[in-house]
Amino acid sequence: MLLAGLLASVEHGLNRVLRLDSTALPRLAALEGKVIEIDCVQPALKLFVLPDEEGLMLAAHWESEVDCTLRAPAGRLAQLALAKDKTAVLHSPQVELHGDSAVLLDLFGILQDLELDWEHELQRWLGPVPTALIAGHLRLRARWTRQGLARFGENLSEYLAEESRTLVGKREAEAAFSELDALKVDIERLEARLRRLAHTLDTSDNA
Amino acid sequence: MTDQRKGDHAEPTTHFGYQDVPESQKAKKVAEVFHSVAAKYDLMNDVLSGGMHRLWKRFTIELSGVRSGNRVLDIAGGTGDLAAKFSRLVGPTGQVVLADINESMLKVGRDRLLDRGVSGNIEFVQADAEKLPFPDNHFDCVTIAFGLRNVTHKDAAIRSMLRVLKPGGRLLILEFSKPTNKLMSKAYDAYSFAFMPLAGKLITNDSESYRYLAESIRMHPDQETLKSMMVEAGFDRVTYHNMTSGIVAVHRGIKP
């Protein structure tokens with residue numbers, strides 16, 4: 001019952017979030033009738049996801065046939081949830097996928113493409129004027145933070161590579177790697193010539 | 001449940017809570033109870049169960065195995081909690097029938113579902129669980145949630161549900177049952193006979209209906225008895241799951 005209560009709360013919250021994106025629910029409607037089983041092996045926990053035009057239904061048990069089963073440890077599932085390139089994670093050895101994988105990939109696609117209209121939700125609670133003020137302020141802060149972080153990243157890499165010489169610069173590293181590659185190819189060629197020479201000497205001795 | 005008979009010529013009696021009433025009177029008395037509480041039925045369910053009824057119903061749906069295109073009958077469907085979920089699960093190609101013997105409950109349920117936009121694949125039928133007005137082998141799943149204890153002839157109702165199910169179809173009976181823990185049982189008795197009528201008085205101005213609710217729960221067959229009733233009616237693979245220490249149990253049987 002505890003798990004059922006938890007799932008009911010998560011489902012309620014998730015569906016509220018999905019409603020904030022105007023395209024998510026029509027796209028989920030295309031998956032109506034499909035049952036996806038997510039089987040976490042460590043810790044052992046099963047979750048069934050049933051998409052439809054009203055959002056997602058989550059269940060701890062499901063008695064009818066499932067269309068797709070995803071089996072993986074919790075770590076991999078978390079990685080899958082966060083990763084941008086989900087196909088790479090799905091191909092890792094600890095992840096098992098059975099059934100119609102297109103259903104799962106479609107669901108991931110919908111969740112990944114979510115663009116939440118949080119201003120609309122805020123407007124429902126606070127009204128248009130406070131929402132516009134708060135949203136403007138938040139957008140400004142977000143832009144400032146994004147720009148600040150980008151500038152900090154650039155400055156830090158420049159300092160570490162150029163001034164403190166703690167790290168090698170990108171171009172310098174690329175040149176070194178290219179030299180190493182050329183050296184590797186030269187050694188392989190030399191190795192091949194020596195092998196051929198040794199082979200020639202062996203055949204002339206026998207004659 | 002076994003109904004008692006008084007003398008050879010007297011009308012058979014059955015229980016209405018702790019009272020014995022003529023069989024012909026029970027349906028009328030139950031109807032009066034539900035006419036009285038229909039308007040605030042959902043609120044009372046939330047208050048009296050602390051919202052737990054939603055989780056009990058959720059688990060019942062998980063056990064139903066209903067999927068797209070199925071035909072589902074929800075008997076004593078009341079305000080349509082289960083029917084709304086089933087309507088989502090069966091999709092536009094399926095069908096859900098919400099049946100209730102009580103006109104007031106059916107009206108509240110229909111209005112509530114239509115207000116929530118649940119329509120298209122759902123029908124509302126006023127029907128007696130003992131004489132279901134549907135063809136044989138018609139439904140993939142039949143459910144009755146918190147309704148069986150109000151039925152006069154439970155055996156007849158279970159047989160009727162068996163008849164309308166397709167072979168391989170499932171019957172799910174969600175109903176109050178007997179707590180499995182003695183301490184819980186004592187606390188539950190105190191709660192049922194003290195708090196429930198009081199809450200009924202405060203919210204619906206009707207303590208008698210909630211006294212009936214508490215009494216009818218005590219008169220309802222326990223887990224094993226209901227299981228044997230389902231087996232006798234002809235159900236196969238009958239199992240039950242206790243929830244909240246047996247305060248509620250969901251029985252499931254498959255039509256062979």
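Before moving on, here are some points about what is shown:
- Mean separation of Cα contacts under 8 Å (6+ apart) over length of chain B, as relative contact order %: 19
- Over chain A, the alpha carbon radius of gyration divided by the compact-protein estimate 2.2 N^0.38 Å works out to 1.68.
- Per residue Cα convex hull volume in Å³ - calculated over chain B: 120
- Spatially proximal lysines relative to B:K85 (Cα-Cα < 29 Å; intrachain offsets below 8 disregarded): A:K34, A:K46, B:K40, B:K57, B:K107, B:K131, B:K154, B:K166, B:K178, B:K227, B:K255
- Mean partner shielding of peptide A:59-69, defined as the number of other chain Cβ atoms within 10 Å of each residue Cβ, is 4.
- For peptides B:176-182, A:182-188, sequence by mean Cβ density within 10 Å, most packed first: B:176-182, A:182-188
- Gain upon complete extension [A:K46, A:T166; 0.36 nm per residue less C-alpha separation]: 38.4 nm
- Label zone at A:S157, where the point sits 7 Å out along the Cα-to-Cβ direction: segment A:163-184 residues whose backbone N lies under 16 Å: A:163-175
- On Cα atoms only, tilt of A:2-19 relative to the major axis of chain A in degrees: 90
- Listed residues B:G117, B:G80, B:G246, most fluctuating in chain B (Gaussian network, C-alpha, under 10 Å): B:G117
- B:I254-B:L43 pseudo-label distance in nm [points 7 Å out on the Cα-to-Cβ vector]: 4.4
- Pairwise FRET efficiency - A:E188 versus B:L202, Cβ, R0 = 51 Å, nearest 0.05: 0.05
- Taking all Cα pairs closer than 8 Å and separated by 6 or more residues, the relative contact order of segment B:94-143 comes to 47 percent.
- For the residues A:G109, A:G153, A:G99, a GNM of chain A with alpha-carbon springs under 10 Å puts the largest fluctuation on A:G153.
- DSSP beta bridges in segment A:1-128 [antiparallel fraction, %, rounded to 5]: 75
- With R₀ set to 35 Å, the beta-carbon distance separating B:N137 from A:A8 gives a calculated FRET efficiency near 0.55.
- Intensity falloff of the protein assembly as shown expressed as log10 I(q)/I(0), Debye formula with alpha-carbon point scatterers, at q = 0.08 Å⁻¹: -0.63
- GNM top mover of B:T13, B:T244, B:T204 - chain B, alpha-carbon springs below 10 Å: B:T244
Computed from the coordinates by the stated procedures, all read-outs in this text should not be read as laboratory data. In this text, all values refer to a predicted model and were calculated from it rather than measured experimentally. Here Cβ is always computed from backbone atoms with ideal geometry, including for glycine, and neighbour counts include all displayed protein chains.
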